[in-house]
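Report on the structure given below.
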Amino acid sequence: MNTVSDIINALARPNIRALKPYSSARDEAPKGNGDRIMLDANENSFGGPLTEDFSRYPDPHQTALKAALAEMKGVLPEQIFLGNGSDEAIDLLFRAFVEPGQDNILTMPPTYGMYAVQANIHGAEIREAPLQANFEPDLLALQAATDGHSKLLFLCSPNNPTGNHLPREFVLKMLQEFPGIVVVDEAYQDFSTQTSWLPWIDQFPNLVVLQTLSKAWGLAGLRVGMAYSNPFVIRLLNKVKYPYNLNAMTLRLGLEALKAPSLVASKVADILLERDRLQVTLPRLNCVEKVFPSEGNFLLVRVKDADGLYQYLAQNGIIVRNRSREPRCENCLRITVGTAAENNRLLELMGNYLPQS
């Protein structure tokens with residue numbers, strides 16, 4: 001019977017398996033407590049021009065932030081990778097598992113565009129199994145597109161831009177059948193009524209769960225993304241990351257933010273109330289044809305004249321996302337849930353808009 005290590009090593013690129021990662025000065029320093037004179041990393045010992053001292057490199061292992069997340073999420077620190085947003089984790093999954101010019105990845109458009117961008121950067125073939133008319137997965141199309149060189153399957157749930165959850169039985173089937181790594185992107189999980197796939201990382205060696213502090217936690221400017229998986233996957237990602245990929249300010253403020261989960265929960269509740277209000281009110285407007293159900297902090301809205309309405313809103317100071325060029329999203333705008341005042345202004349403008357004939 002193959003061990004988790006055997007399974008992950010068989011999927012990893014051979015050069016990455018053999019790679020000896022860069023060893024930073026802090027990696028090589030003996031562990032110790034108390035004040036020490038650090039003359040190992042060619043830092044400026046006299047400090048910089050800022051009031052706060054940033055003259056020293058940050059912790060390359062993000063020990064304190066990982067410990068706080070591990071306690072909050074019920075996982076081990078060695079099951080956590082921290083990156084410069086979830087985008088870094090996506091990039092490193094390609095580096096670790098996808099052989100350029102040989103392997104392929106699978107997506108189900110419409111979905112988050114960075115999966116395809118990274119595939120193009122890394123020279124991987126993109127195989128698509130588009131969502132069906134109701135934004136449900138097409139299992140047969142996905143199975144037909146999969147072969148022995150399929151290394152990554154990206155499942156965004158709740159999905160961006162459609163807002164819906166992928167059925168749990170479908171995700172479970174993919175975890176059981178897909179020959180490569182199944183990446184469940186849960187960037188919007190905190191707004192959802194469905195449970196996370198995080199507890200399943202101990203059961204499925206090929207599962208990677210992506211989460212972020214950018215959405216519900218309101219820290220998009222800090223750029224903290226998390227990948228959760230078994231320790232063997234996490235070690236591969238750590239092999240290929242830059243040594244100090246998260247800066248000291250991000251580590252400090254991220255740790256501070258994790259001390260206020262009740263405040264975050266309160267703000268999420270406010271967002272959900274506003275989302276429900278928009279869900280009810282938008283369909284009453286003349287320019288709106290349909291508002292799709294959403295488990296995220298946004299709504300996909302089919303309108304009568306997406307291009308014209310997008311420009312009209314922009315000219316009046318409201319920027320939304322025009323998703324009309326995405327599969328099955330003709331004449332659709334993706335609208336982030338704003339504050340009550342922002343949403344009132346949105347509804348006012350959309351109510352006054354006259355669609356172009």
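The values are calculated or read from the model by the stated rules, or taken from the named source; none is laboratory data. All figures in this text were calculated on a predicted structure; none of them were measured in a lab. Glycine gets a Cβ as well: all are built from the backbone with ideal geometry, and neighbour counts include every protein chain shown.
Residue-wise test of (1) free of Cβ contacts under 8 Å to residues at least 40 places away in the same chain; (2) assigned to a loop (DSSP other than H, G, I, E, B).
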{"residue": "Lys290", "(1), (2)": "yes, no"}
{"residue": "Tyr312", "(1), (2)": "no, no"}
{"residue": "Ile318", "(1), (2)": "yes, yes"}
{"residue": "Arg334", "(1), (2)": "no, no"}
{"residue": "Ala341", "(1), (2)": "yes, no"}
ask   = Wholly within the stretch 2-117, which helices (runs of 4 or more DSSP H) include no fewer than the required count, namely at least 3 residues that are within 28 Å of the chain's Cα centre (by Cα)?
value = 4-11, 14-18, 63-73, 85-97
key: Residue satisfying condition, being farther than 22 Å from Thr162 by Cβ, in a helix (DSSP H, G or I), touching a Phe, Trp or Tyr at 6+ places or on another chain (Cβ under 8 Å) and not aromatic (Phe, Trp, Tyr), within set Leu349, Leu272   = Leu349
inquiry  = Would you confirm, using the coordinates I've provided, whether Leu19 is in the same structural domain as Ala248 (by TED's automatic domain parsing) and either under 30 Å from Asp138 (Cβ atoms) or surrounded by 13 or more Cβ atoms within 10 Å (Cβ to Cβ) (or both)?
reply    = yes
task = Determine, yes or no, whether Val240 is surrounded by 23 or more Cβ atoms within 10 Å (Cβ to Cβ), touching a residue at least 60 places away in the same chain (Cβ under 8 Å) and either on the phi < 0 side of the Ramachandran plot or of a type in the set (D, E, K, R) (or both).
result = no
key: the stretch 273-314 - residue that is of a type in the set (Lys, Arg) and closer than 14 Å to Arg334 by Cβ and, of those, surrounded by the most Cβ atoms within 10 Å (Cβ to Cβ)   = Arg275
key: Selected residue [at pLDDT 90 or above and either farther than 25 Å from Ile201 by Cα or of a type in the set (Asp, Glu) (or both)] from Asn9, Asn33, Asn44, Asn15   = Asn15
